[in-house]
Structures are given as structure tokens and as C-alpha cells.
Amino acid sequence: MDVSPFYNEDTRIDFSIFLCTQYYRTKKMKNSVIRNTKDIANKMDADIERMWNVISHILATNLSHSLIMKKDSKWTLLTNSKSTFITSDQPIVNIKGKYSNDVETEELELYYPISPSKALLISDINNSPKPDIFEINEEEIKKYNSIILNTCEEQIYLNNIDILKDLM
């Protein structure tokens, strides 16, 4: 598999915009932003839910810009031949996220399962010893699948029900 598109500036820009739009388009992100901005929205008499379609694109554009400008980020294609990556209605997750109402997330490491056998990991800082393409073991696959399961809003997508039974 060729990962050179991740290092081509034009391709990286297009893919970053796509990725960040996918990250913010979900019900989970919408509900999270509405919940976390409730106080200030009430003070300003603003209806975040009605503005969400525009806000989500602004947030996606800002995050995409950060990914593009960060020259020391690490884009790693995770592969596996032993098990299956699952995905959900929140297909892209920040695996460094705190996912708590009272804790602010300060680190960014985006995980995006592309197919049952491939996933993309974008680390904020290129301090990973992993190469651009990295075959992961079953334990790591379980870790990533558990993150997807724990961050989904309502739906999980997989091609083998035994994987879900194993995670439960």
C-alpha cells in the first residue's frame, strides 16, 4: 500500500478537509458542542442547534487547517490480517480525548478505520517510532475497537458479530 498521498500537499489538504468534516458531522459531536456551550449560548440568546450546520463546517475547517499546518504530525496506516476494525456513527475519534463534561482535551490523535483491514492514525507530534505502514496485533485491534465502541452514539458497523461479542 502506498502512503505517499498523505505527504502530497494537495492530497493531504483535500483529505484533511474530508476527515475533519466527517469528525464534526456526527450527532455525538453536535450533542457534545451543544452541551458544552449551553451556558454561553443562553447568555447570548443563541440557538446552537439551529446554527450547527454552519458551526460544524467552521470547526472542521479550523481542525483541518491545524492538521495541514502541523508539519511534524505523523500519519500512519494501520493494517491487520488477523482481525477486523469496526466503525460506528462516530467514525473518527480522538483517542487522546477525555470524553468527559468537565475535562478539557489537550492532545489530538485521530483514529479513522478505513476498512475492515486498514485504519489511519494521525498523531499530533511525529514522535512515533512506527513506520508509515504498520501491521498491528490483535491486542491493539481490540484496543482501537473498544475505543470505537465506547465513543459511538447509537450504531456500530462490523462484518463479524463475534468481534462485538468479544468486546462486550
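The values are calculated or read from the model by the stated rules, or taken from the named source; none is laboratory data. Remember, predicted model here, so these are calculated numbers, not experimental data. For neighbour counting, all protein chains shown are included, and Cβ atoms are generated from backbone atoms with ideal geometry for every residue, glycine included. Remember, those area values only see protein heavy atoms, side chains included, never the ligands or the DNA or RNA. Shrake-Rupley method; radii C 1.70, N 1.55, O 1.52, S 1.80 Å.
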**Prompt:** Roughly what would the spin-label model give for N159 and I58, points 7 Å off Cα along C-beta, in nm?
**Reply:** 4.0 nm
**Asked** Does the chain classify as rounded, prolate or oblate by the C-alpha gyration tensor (a ≥ b ≥ c root eigenvalues; a/c under 1.5 gives rounded; else a/b over b/c gives prolate, otherwise oblate)?
**Response** oblate
**Asked** Which of the helices in the chain, when you take each full DSSP H run, stretch at least 27 Å along the axis at their Cα atoms and have an average Kyte-Doolittle score of -0.5 or higher?
**Response** 48-69
**Prompt:** Which value, in Å² and to the nearest 10, is the accessible area of Y7 when all protein chains are kept and the probe is 1.4 Å?
**Reply:** 110 Å²
**Prompt:** Based on the Cβ-Cβ distance of D45 and I95, what FRET efficiency does E = 1/(1 + (r/R0)^6) give at R0 = 41 Å, to the nearest 0.05?
**Reply:** 0.65
**Prompt:** If you roll a 1.4 Å probe over the chain with all protein chains in place, what percent of the accessible area is carbon or sulfur?
**Reply:** 50 percent
**Prompt:** Lysine pairs, Cα distance under 25 Å, 8 or more residues apart or cross-chain: how many in region 3-90?
**Reply:** 7
**Request:** Choose one answer from A41, A60, A119: the residue with the largest mean-square fluctuation in a GNM of the chain with alpha-carbon springs under 10 Å.
**Result:** A41
**Request:** Provide the gained length on full extension for the span T37 to E139, in nm with one decimal, where the gain is 0.36 nm per separating residue minus the Cα-Cα distance.
**Result:** 33.0 nm
